[in-house]
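The values are calculated or read from the model by the stated rules, or taken from the named source; none is laboratory data. Quick caveat: nothing in here was measured; it's all calculated off a predicted structure. Using ideal geometry, Cβ is built from the backbone for each residue, glycine included, and neighbour counts are taken over all protein chains shown. Quick note on the areas: whole protein, heavy atoms, side chains included, nothing else; ligands and nucleic acids left out. Shrake-Rupley method; radii C 1.70, N 1.55, O 1.52, S 1.80 Å.
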Amino acid sequence: MNKAASLPGSTGASYAAIALRASIVFIILCGIIYPLVCTGIAQAIMPHNANGSIIKDSAGNAVGSELIGQTFADPKYFQGRVSSIEYNGAGSGSNNYAPSNPDMLQRTKDSIEAWKKDNPDVPIDRLPVALITNSGSGLDPHITPDSAEVQIPRISKLTGLSADQLQQLVDKHTESRDLGVFGEPRVNVLKLNLDLQPLLK
Amino acid sequence: MGILQIIIVLAVLVLLVKPVGSYVYHVYSNEPNKTDRIYGWFERFIYMLIGLKHRNGMTWKKYALSFLLTNIILVAVGYLILRLQKYLPFNPSGIDNMEETLSFNTIVSFMTNTNLQHYSGESGVSYFTQMAVMTMMMFTSAATGFAIAIAFVRGITSRGETIGNFFEDFVKSHTRILLPAAVIVTLVLVALQVPQTLDPTLTVTTLEGATQSITMGPIAALESIKHLGTNGGGFFGANSAHPFENPSPLTNVIEILSMWVLPASLPYVYGRFAKNRKQGWVVFSAMMTLFLLFLSLIYFSELRGNPAINALGVDASQGSMEGKEVRFGIPQSALFSAVTTAATTGTVNNMHDTLTPLGGLGTLGEMMLNTVFGGKGVGLVNMLMYAILGVFLCGLMVGRTPEFLGRKIEPREMKLIAVAILAHPFIILVPTAIAFLTDLGQGSITNPGAHGISQVLYEYTSSAANNGSGFEGLADNTPFWNITTGLVMMLGRYISIIAMLAVAGSLVRKQWVPETVGTFRTDNKLFYGILIGAVLIIGALTFLPAIVLGPIAEHLKLG
């Protein structure tokens, strides 16, 4: 069956030479050619996706990426999840608080107090946990549909828009599970607010 | 819907095992087949470039020497690039050279297929480094692991002196498996909105008039091989939780299958080499059983949520959402976590530090056992190591010489296996203890109480298992952590690989013992039970005390 390699030249030195040449070949092939070829193909056939799915407003200015969340400080807008990095797209991540971390518990309690103050019409037992927890990336562009719905009374009161009108906006921007089964239903906050913005004027 | 979507992914995986496994078998069986026509010319071109004149089989020592030399040279070149990236091209953001201990840690991390990252991808490395070091090593380290697993399987299933030619296996792993699959997965990911660009960071004015910087880059090309090669090093600090790396549940499923299908099909490949497919399915079933145990633990713990938050009176019915993304929810997050620690990829789509104590225990446990599918090749090798151990234990019980696949298992093999099995807990528990004895280690803990113990334990377990995920709160970019985890990663990779190649080298030369009625069979339900038992008993005995101090103590305290 298997025969031993006993041909001349099969020494450590010749292995080292092959190893060195193989390293150079694969650095060029896998490290340079492969990513550049992929970039070329992606840019040629899918430029919008390959360049970060940038969203433009009606005037044609880039307002963000549909995949990257933004901070919405104004209570007239729908708000996203907690982000310890303030949705800074040059970074990513969170505080990595353990479930037993007292700082995390305090932050959550503060969020609940703030909620009670800003949303007196919605009791906290309807406040979805996703809205007051920090996403893993700190850039989560989505909230759950019920996280959007519980914000409707506040926005309606501040803007004078009817609850029905806001509910229709939320419904329009509610994305279902992928292929009907994978993941969770969700609402893209930036897209939703982009549609809300013209109504505010 | 939660359980249904998990079952669908599992079903797709099981359906893929046979076709993918057959393909992989044909790649390495070195018998002529149809794919030679597609890849043959390209491989001959590469053999010419690297000066590989003849592709004779190697003894285990020559095989080990070749793979070590290749790894050493790649490490040297990669280290230089990290230290000099400021002067190299494709650095639009003007990122500085990397510091010495961090460079050491990073380069060892990528070469050992670990991808523990003490740097942050956004600010620590240039695009050139992301491509020429990270992406390149994601291929070469995976190809190395693949080659070794196949060499080991050849050793225990064939007869002669040699276990294959490392350079040939290494080249074929790239040309026939990793490169074509990576290009396809890259383009699928771009189609699903993962960016792939060389432009610098984009600055936009947000809806509220603030300025937001958005970092992008050649992400998709890294993302595909990151999973296919069970590497796990993210382009961004937040890894696959970042919406650019993993924008939707669909990309999440694709990433899960990408990292899982090759390790999961290796038991089948082993069955083909052993000319007894049932052998392969027994190993696969044992792995899958253990996997389902851990997956259930993670899923139900996360679904139950964090008692401390649940007590605050909010609507916590969704589960523990701290550190998770809305698009994935609990099911896609739990499945991802279970697969990434099983396949020792180390990519994360939610922050493992924020998992509930028992959810975190699930991820930790899979890395401690290090046999549940496992990374490129290593998991199969470890599982077969337990298989031989299981045969040995049964042999002792009935008082006859243990045999595995028709070969007698003797003291030399058992000594090597003992070294490999004991090395793993040793390089986890000893450094963990050292870290707690010094301020250098303790000072980095960011979560108080029992969870702090879990943070340190996780860091070394992840390093030793060459996983690379972390309880990322740990402030680990210090010389102490860079050097200790760097050493643990090296020992974790190379001790067991060399020991197991030696076992293969020893078994391949043995006389075959004819099978009789009295032969202990390794392809039936009894052996399936023995295999799981051996893994659980050894794993539990070794790690239980440490687990009690960390996750279990935290769980009891949280209520």
- Boolean, B:V75 is among the β-branched types (V, I, T), surrounded by 15 or more Cβ atoms within 10 Å (Cβ to Cβ) and more than 10 Å from chain A (Cβ to nearest Cβ): no
- Scan the range B:167-194 for residues that are closer than 30 Å to A:D195 by Cβ, facing chain A (nearest Cβ under 7 Å) and either of a type in the set (A, V, I, L, M) or open to solvent by less than 10 Å² (accessible area, probe 1.4 Å) (or both) and jot them down. B:V190, B:A191
- Query: Residue check, A:S84 against (1) at the interface with another protein chain (Cβ under 7 Å from one of its Cβ atoms); (2) touching a residue at least 12 places away in the same chain (Cβ under 8 Å); (3) in contact with a strand residue (DSSP E or B) (Cβ under 8 Å, 6 or more places away or on another chain); (4) in a loop (DSSP other than H, G, I, E, B), all met but one. Which one?
  - Reply: (1)
- Task: Look through A:D103, A:D121, A:D110 and report the one residue that is of a type in the set (D, E), assigned to a loop (DSSP other than H, G, I, E, B) and either more than 13 Å from the chain's Cα centre (by Cα) or within 9 Å of chain B (Cβ to nearest Cβ) (or both).
- Result: A:D121
- Give just the number: which of (1) in a helix (DSSP H, G or I); (2) more than 28 Å from A:N96 (Cβ to Cβ); (3) of a type in the set (A, V, I, L, M, F, W, C) does A:L131 not satisfy? (2)
- Residue list for the range A:148-169, restricted to those being surrounded by 17 or more Cβ atoms within 10 Å (Cβ to Cβ) and touching a residue at least 60 places away in the same chain (Cβ under 8 Å): A:A148, A:Q151, A:R154, A:I155
- Task: For B:L84, work out the one condition from (1) open to solvent by 10 Å² or more (accessible area, probe 1.4 Å); (2) outside any helix (DSSP H, G or I) it doesn't fulfil.
- Result: (2)
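Where residues in the range B:141-164 are of a type in the set (S, T, Y) and within 13 Å of B:S66 (Cβ to Cβ), which of them is nearest to the other protein chains (Cβ to nearest Cβ)?
Result: B:T162.
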- Just a yes or no: is a residue in the range B:447-459 modelled with pLDDT under 95, buried (at least 24 other Cβ atoms within 10 Å of the Cβ) and more than 25 Å from A:S92 (Cα to Cα)? no
- Note on the structure: Of the residues in the range B:391-430 that are more than 28 Å from the chain's Cα centre (by Cα) and among the β-branched types (V, I, T), the one that is surrounded by the most Cβ atoms within 10 Å (Cβ to Cβ) is B:I409
- Near pairs, Cβ below 9 angstrom, 6+ apart or cross-chain, from the range B:425-443 (in contact (Cβ under 8 Å) with a residue 12 or more places away in the chain and assigned to a helix (DSSP H, G or I)) to any residue that is charged (D, E, K, R) and open to solvent by less than 50 Å² (accessible area, probe 1.4 Å): B:P431/B:E459; B:T432/B:E459; B:A435/B:E459
- Item | Residues satisfying the stated conditions in the range B:195-237, i.e. in contact (Cβ under 8 Å) with a residue 24 or more places away in the chain, facing chain A (nearest Cβ under 8 Å) and in a loop (DSSP other than H, G, I, E, B) | B:P195, B:Q196, B:L198, B:D199, B:T201, B:T215, B:M216, B:P218, B:F236, B:G237
- Query: Quick one: would you say B:H26 is open to solvent by 20 Å² or more (accessible area, probe 1.4 Å), out of contact with any Cys (no Cβ under 8 Å at 6 or more places or on another chain) and assigned to a loop (DSSP other than H, G, I, E, B)?
  - Reply: no
- Query: Among (1) facing another protein chain (nearest Cβ under 7 Å); (2) touching a residue at least 24 places away in the same chain (Cβ under 8 Å); (3) part of a loop (DSSP other than H, G, I, E, B); (4) surrounded by fewer than 24 Cβ atoms within 10 Å (Cβ to Cβ), where does A:Q79 come up short?
  - Reply: (1)
- Message: Give all pairs with beta carbons closer than 6 Å in which a residue from the range A:28-40 that is free of Cβ contacts under 8 Å to residues at least 12 places away in the same chain and facing chain B (nearest Cβ under 7 Å) meets a residue that is in a helix (DSSP H, G or I) and of a type in the set (S, T, N, Q); count only pairs at least 6 apart in sequence or on separate chains.
- Response: A:G31/B:T135; A:P35/B:T135; A:C38/B:T186
- Query: When residues of the range B:469-509 are filtered for being free of Cβ contacts under 8 Å to residues at least 40 places away in the same chain and within 25 Å of B:I163 (Cβ to Cβ), how many remain?
  - Reply: 0
